[in-house]
Amino acid sequence: MISLKKEKKCCLCAKPIYNNLVYCSPSCRRKKRKQKLSLLRPSIHFNGESTEIISPGSLGAAVELIIAADLMFKGFDVFRALSPHGCDLIICGADKKCFLVEVKTGWKNPQGEIRYPKVRKDKFDILAVYLREGTQIAYFPSLDKFRKKDSL
Ligand SMILES: [Zn+2]
């Protein structure tokens, strides 16, 4: 009997496939997943430029410095953690109190909500999210209650 089944093609490279899978190989499946993810999470930008050529370690450090500068512009005294583990920054605000700041990169979903990787909320006081488009930094909770009463 002649099979009337339509020939299936890999969703990524269009190679013919002869089973019930969608991709011809695990490598195509991984590549497609990466493509979908990068659509969902834009690459990180700074001053309108993509930062794709920079290593993830350097990128993380640079984003921390951007956040540190933003917090300094907002009137906080900023300290950088020396330990590689634990929080990223410490700021001193109202009444000489210090607060732990965790820095993440985030993105906006199609509904315009800010998303970011999973964080452990018991590890910091303030979450600073650098939006990957490079146009906005969001703080959770808002920085108002941490501000110095008499800035400068
Ligand atoms: Zn393929």
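The values are calculated or read from the model by the stated rules, or taken from the named source; none is laboratory data. Because the structure is a prediction, the values reported are computed rather than measured. Positions of Cβ are generated from backbone atoms using ideal geometry, with glycine treated the same way; all protein chains shown enter the neighbour counts.
Here N20 qualifies as farther than 21 Å from G134 by Cα and more than 10 Å from the ligand (Cβ to nearest atom).
Within the range 100-149, the residues that satisfy the criterion of being among the acidic types (D, E) and within 17 Å of L71 (Cβ to Cβ) are E102, D125, D144. Based on what the data block shows, is A138 out of contact with any Phe, Trp or Tyr (no Cβ under 8 Å at 6 or more places or on another chain) and surrounded by 11 or more Cβ atoms within 10 Å (Cβ to Cβ)? Spelling it out, A138 is indeed out of contact with any Phe, Trp or Tyr (no Cβ under 8 Å at 6 or more places or on another chain) and surrounded by 11 or more Cβ atoms within 10 Å (Cβ to Cβ). Within the range 13-56, being in contact with a Phe, Trp or Tyr (Cβ under 9 Å, 6 or more places away or on another chain), part of a helix (DSSP H, G or I) and not charged (D, E, K, R) holds for one residue alone: L40.
In the range 55-87, the residue that is surrounded by the fewest Cβ atoms within 10 Å (Cβ to Cβ) out of those that are without any contact (Cβ under 8 Å) to a residue 40 or more places away in the chain and acidic (D, E) is D77. The residue list P56, P26, P42 contains one member that is over 21 Å from N109 (Cβ atoms) and either in contact with a strand residue (DSSP E or B) (Cβ under 9 Å, 6 or more places away or on another chain) or within 11 Å of the ligand (Cβ to nearest atom) (or both), which is P26. Of the residues screened, R115 is one that is more than 16 Å from the ligand (Cβ to nearest atom) and surrounded by 13 or more Cβ atoms within 10 Å (Cβ to Cβ).
The residues on offer are I54, I67, I44, and the sole one that is at pLDDT 85 or above and either in contact with a helix residue (DSSP H, G or I) (Cβ under 7 Å, 6 or more places away or on another chain) or closer than 17 Å to G134 by Cβ (or both) is I67. Looking only at residues in the range 96-112 that are over 8 Å from the mean Cα position of the chain (by Cα) and assigned to a strand (DSSP E or B), the one that is surrounded by the fewest Cβ atoms within 10 Å (Cβ to Cβ) is C98.
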